[in-house]
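Asker: My structure is below; once you've seen it, I'll send some questions.
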Amino acid sequence: MDTGDPKNPATWKLPIEAYLPTKADTQFIVATRDELIDECMKAAGYDQWTPAPDLPELGGKTLTDWRYGIHNAGLAAKRGYHPDEAEQRAYDEAQEAGAVDDSGADDTTLKGCVAQADEKAPTAQPPTLAQQISDDSYVESMNAPSVVDAFAKWSSCMKAQGYSYTKPMDANDDPRFSDPYEVKDEEIATAKADVACRDKYDVEKVWFDAETALQQAAIAKNQAALEEARMDIKSAVAKAKSVSAVQ
């Protein structure tokens, strides 16, 4: 278990991450595939074709960043439960740019080039088992006695400030705050109280510890299958490196 900076959940690492593709590996494979597809499309006569730009990160930057809800008091005071405004703008601009293709390429040619990339640099998808363990542990951790107790304390803290929520993610997922482009004063006030109550009772750390224990138990039961999946990821990365100029 790696807790990184005790004050910053974004730096913590859950045990199951050892069996998931790293961000660096995923980005490398994506860049390699883009390179291969681009070369193939140009060889097919579509010089103006370019791969869609990667979408910038929006919100959480790691598996544990925002996994248990917001935790940055400064951002909460500006944006409530919304991502940083500049991040949102960059994300929207990249989405719009990705939708433009002036090459006139036909779908058949593109699919053929993608198929070639699949052969040379297959994607490193999160292993189904590892992803299932990650998903299950998150849900199950909310029933751990320590987490139930932390949630109850958080709820009482919020209620004392005029907010009625049972669990931290109830505030995070409040439909009143769902508009991606509108941050209301009420949302900011709620988010500020939320973070303060989380910090008071170490909600994220208690939750993380409970989920860590669940994942460790699940990994122990499935060690052989997970190790095999980890080797598949390493193989995919090695295959991409063997054909890539993106070094």
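The values are calculated or read from the model by the stated rules, or taken from the named source; none is laboratory data. Note that the structure is a prediction, hence the values are computed from the model and not measured. Heads up, the Cβs are rebuilt from the backbone with ideal geometry, glycines too, and the neighbour counts pull from every protein chain shown. To get the accessible areas, we keep the full protein, side chains included, count just its heavy atoms, and leave off ligands, DNA and RNA. Shrake-Rupley method; radii C 1.70, N 1.55, O 1.52, S 1.80 Å.
Asker: Kindly indicate whether A220 is modelled with pLDDT of 95 or more, open to solvent by less than 60 Å² (accessible area, probe 1.4 Å) and over 21 Å from the mean Cα position of the chain (by Cα). First the steps, then the outcome.
Answerer: Numbers: modelled with pLDDT of 95 or more: yes; open to solvent by less than 60 Å² (accessible area, probe 1.4 Å): no; over 21 Å from the mean Cα position of the chain (by Cα): yes.
Answer is no for this residue.
Asker: May I pose another question? Name every residue in the range 110-137 that is more than 17 Å from I37 (Cα to Cα) and either open to solvent by 50 Å² or more (accessible area, probe 1.4 Å) or in contact with a His (Cβ under 6 Å, 6 or more places away or on another chain) (or both), in order of residue number.
Answerer: Q125, P126, T128, L129, Q131, Q132, D135, D136
Asker: Turning to a different aspect of this structure: Kindly evaluate S146 against the criterion of being surrounded by fewer than 18 Cβ atoms within 10 Å (Cβ to Cβ), part of a helix (DSSP H, G or I) and in contact with a helix residue (DSSP H, G or I) (Cβ under 6 Å, 6 or more places away or on another chain). Before the answer, list the steps.
Answerer: Working: surrounded by fewer than 18 Cβ atoms within 10 Å (Cβ to Cβ): yes; part of a helix (DSSP H, G or I): yes; in contact with a helix residue (DSSP H, G or I) (Cβ under 6 Å, 6 or more places away or on another chain): yes.
Judged against the criteria, S146 is a match.
Asker: Scan (1) exposed (fewer than 15 other Cβ atoms within 10 Å of the Cβ); (2) aliphatic (A, V, I, L, M); (3) in contact (Cβ under 8 Å) with a residue 24 or more places away in the chain for the single condition A152 breaks and write down its number.
Answerer: Status for A152: all satisfied but (3).
Asker: Still on this structure, I have one more. Scan the range 228-239 for residues that are open to solvent by 60 Å² or more (accessible area, probe 1.4 Å) and either at pLDDT 95 or above or in contact with an Asp or Glu (Cβ under 9 Å, 6 or more places away or on another chain) (or both) and report the count.
Answerer: Within the range 228-239, residues that are open to solvent by 60 Å² or more (accessible area, probe 1.4 Å) and either at pLDDT 95 or above or in contact with an Asp or Glu (Cβ under 9 Å, 6 or more places away or on another chain) (or both) number 1.
The rows are residues; the columns are (1) more than 23 Å from the chain's Cα centre (by Cα); (2) under 21 Å from P9 (Cβ atoms); (3) among the β-branched types (V, I, T); (4) open to solvent by less than 70 Å² (accessible area, probe 1.4 Å).
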| site | (1), (2), (3), (4) |
| --- | --- |
| S156 | yes, no, no, no |
| P175 | no, no, no, no |
| D185 | yes, no, no, no |
| A189 | yes, no, no, yes |
| D202 | no, yes, no, no |
| V206 | no, yes, yes, yes |
| L214 | no, yes, no, yes |
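Asker: Helices (runs of 4 or more DSSP H) wholly in the range 161-234 with at least 3 residues that are free of Cβ contacts under 8 Å to residues at least 40 places away in the same chain - which ones?
Answerer: Values: elements: 168-172, 185-200, 203-221.
Hits in the range 161-234: 185-200, 203-221.
Asker: On the given criteria, is E182 more than 24 Å from T62 (Cβ to Cβ) and among the charged types (D, E, K, R)? Spell out the reasoning first.
Answerer: Numbers: more than 24 Å from T62 (Cβ to Cβ): yes; among the charged types (D, E, K, R): yes.
When the stated conditions are applied, E182 passes them.
Asker: Further question on the same structure: Given the conditions (1) over 23 Å from A10 (Cβ atoms); (2) open to solvent by 80 Å² or more (accessible area, probe 1.4 Å); (3) modelled with pLDDT of 95 or more, which single one is not true for Y181?
Answerer: Every listed condition holds for Y181 apart from (3).
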